[in-house]
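Comments concern the structure below.
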Amino acid sequence: MSALLEVQVAAVRQLTPVVREFTFAAVNGRLPGFSSGSHVQVVLPLAERTLRNAYSLLGDPRDSGVYRIAVRLQEASRGGSRYLHEQVQVGDRLQIGVPSNLFPLHSLARHHILVAGGIGITPFMAYLAELEAQGASFELHYAYRSGLTDAYTAELQARLGARFHGYDAAAGQRLDCANLLTGKPLGSHLYICGPQRLLDDLRARAAALGWSAGRLHWEAFAAPEPGLPFTAELTRSGQRIAVAGDHSLLEALEAAGVEVPNLCRGGVCGQCATGYLGGEVEHRDHYLDEQQRSHVLMPCVSRGGCSGPLLLDL
Amino acid sequence: MTAPSAEPMFSTPRYATVPNRRPALYRVLVAQDAALATTLLDHLAPTLLLSLGGELSAAVEHEQLPSSEALYLRLHALLDQAQAGTCVQAIGDEVFVWQVHRVARQAGLLGDEIELFRQGARRRLYCVHCTRLQEIGAETESSCSHCGVRLLVREHFSQRLGAYMGVCIDPDRPFATVVQP
Ligand code: FES
């Protein structure tokens, strides 16, 4: 991540017991514009370490005076969401990255099918503004649990009418993936943001119906899974970096002052690709193919082994 | 993210030789000559065959159209009403299959939902000087039938036009050698 923007928290709204919405305003000048589906990295200076979490930007991209994000409190997380929920107050200053978009609308689609699970509604809050402005054909399917993860449901219902399809787990309603894909017009594109299960299920159903993989688009932010500690060696300088089990290699490099370009921090965008010359690698990305994996790794998610140092071409 | 698309940008077109076995909701088979389609019938999806004529022994729903133009219009109307999960397979000469490709793409099919099987040697040549099209065979040199310039048939193929690029062979003579009647 290159340039950081300094923002001030202009508003905080508790949307549900576990979802909090933050509005950020520029400290100096104007915030850069963004396209719907974009995300920003938010720098979270926890006491013990600094995290950078990616969050989708909500709202109408044409109204770029402020940025809004919605954050779900993750119990089992590394503390980033807890920090945002418990520490950050109106008036506080934060650093964020410039917006980038790994989840754009497909411009040639004739019909857009948006499927959100829980907090996965966030990128679609920006899509809707754009789709409505274009007069595009679309439908939104939103699986949530009322009283817990039902952010924006009332607003969406009122705004979208018959185009809104809600599934409340608390009322025993289930999103039926097979049904959802049946009878859709030929130029349909499917956008998915939610748990891996939902994505896997929809992918399998779509393939069985003969949909090209090119009709499916998904938002894939995932915090890096922890692993075992290991050591990385920067072969150009000889510097050795110890990577703790709950740090990603990318985070360890950043902590040591080594900047590696990155966008998604979840192993999907390909930005952080780094060459390596030797050592054991546990590849955890969804980007590289087998052949590339013999000499390239994605430090945002992938890790070294414990047999010896991982030799990076840095 | 979107899966890396299986749509290579190539300038010399490549054609399928054996039909893929991917599942499909529905399949439209488009053949210049119905008899050619026999090799493609072994597929699980319900199939409709559109052709310009010819005999087919197998029992498959078959519509014969009187001309290429009628066939492209029929295909267009059909795809307009079709559902996602429909695939198209076209078999015929290069001019024919690329016209079918164009109609299918316009209807919203993605590249890997369309398969082209090439038969015959008929090709289409685009004269880059007068921007008009003509049909040729396998020859590598030709004269533009519209502006008369001697053309070299390049390997470069335009998917949009379904045609090979023809460029003037002799830069010193970028004009007709024979006066057109
Ligand atoms: S930052 Fe996107 S793959 Fe690593």
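Brief remarks on what is shown
- Nearest 10 degrees, 0 to 90: helix B:68-80 Cα axis against chain B principal axis: 50
- Helix content alone sets the calculated 222 nm mean residue ellipticity of chain A: runs of n ≥ 4 DSSP H residues at -39500 (n - 2.57) each, divided across all residues, give -5000 deg cm²/dmol.
- In chain A, Cα pairs under 8 Å separated by at least six residues give a relative contact order of 15 percent.
- Area hidden from solvent between A and B (accessible, protein heavy atoms only, 1.4 Å, total, Å²): 1800
- The modelled label-to-label distance for the pair residue A:208/residue A:136, using points 7 Å beyond Cα in the direction of Cβ, is 2.8 nm.
- Charge sum, other residues only, whose C-beta stays under 13 Å from residue A:122's C-beta, Lys/Arg counted +1 and Asp/Glu -1: +1
- Helical contribution to [θ] at 222 nm, DSSP H n ≥ 4, -39,500 (n - 2.57), averaged over chain B, rounded to 500: -4500 deg cm²/dmol
- Cα gyration tensor, region B:36-81 - rounded (a/c under 1.5), prolate or oblate: oblate
- Cα convex hull, region A:144-278: 192 Å³ per residue, rounded to a whole number.
- Per residue, the Cα convex hull of region B:87-147 amounts to 92 Å³.
- 13 Å tail of the calculated P(r), region A:1-48, as % of Cα pairs: 71
- Long-range amide H partners of residue A:216 with built H, under 5 Å: A:190, B:3
- Å³ per residue enclosed by the Cα convex hull of region A:4-101: 95
- Amide H contacts of residue B:65: B:51, B:52, B:53, each under 5 Å away and 5 or more positions distant or on a separate chain (H built 1.01 Å from N in the peptide plane; Pro and chain starts excluded).
- Per-bin percent of Cα-Cα distances, chain A [20 Å]: 31, 56, 13, 0
- Positive-end residue, the protein assembly as shown charge dipole about Cα centroid, Cβ charges, pick of A:81, A:129, A:193: A:129
- For residue B:91, the residues whose amide H sits under 5 Å from its own are B:30, B:31, B:32, B:117, ignoring neighbours fewer than 5 places away on the same chain, with H placed 1.01 Å from N.
- The mean sequence distance of close C-alpha pairs (under 8 Å, at least 6 residues apart), as a share of the length of region B:52-124, puts its relative contact order at 31 percent.
- Entry note: region A:111-219 has Rg to Rh equal to 0.94, where both radii use alpha-carbon atoms and Rh is the Kirkwood radius.
- The shape of region B:78-181 comes out prolate: with a ≥ b ≥ c from the C-alpha gyration tensor, a/c is at least 1.5 and a/b beats b/c.
- Region B:7-68: C-alpha gyration tensor shape, a/c 1.5 cut-off, then a/b vs b/c: oblate
- Overall Cα dimensions of region B:26-118 - principal axes, largest extent first, Å: 31, 28, 22
- For chain B, alpha-carbon Rg over 2.2 N^0.38 Å: 1.15
- In degrees, nearest ten, helix B:94-106 long axis to first principal axis of chain B (Cα): 60
- D by Stokes-Einstein for region A:210-314, Kirkwood Rh over Cα pairs, 20 °C, 1.002 mPa s: 152 µm²/s.
- Once you divide the Cα radius of gyration of region B:123-168 by 2.2 N^0.38 Å, the number left is 0.95.
- Placing +1 on each Lys and Arg Cβ and -1 on each Asp and Glu Cβ, with no other charges, gives region A:230-312 a dipole about its Cα centre of roughly 100 debye.
- Its Cα centre serving as origin, chain A has a Cβ charge dipole (Lys and Arg +1, Asp and Glu -1) of approximately 440 debye.
- With Cα atoms defining each centre, region A:78-155 and region B:99-147 are spaced 44 Å apart in the structure.
The values are calculated or read from the model by the stated rules, or taken from the named source; none is laboratory data. The shown structure was predicted, so the numbers you read here are calculated from the model rather than taken from an experiment. Because the Cβ atoms are built from the backbone with ideal geometry, glycine has one as well, and the counts that use them run over all protein chains shown. Please note that ligands, DNA and RNA were not included when accessible areas were found on the heavy atoms of the full protein model with its side chains. Shrake-Rupley method; radii C 1.70, N 1.55, O 1.52, S 1.80 Å.
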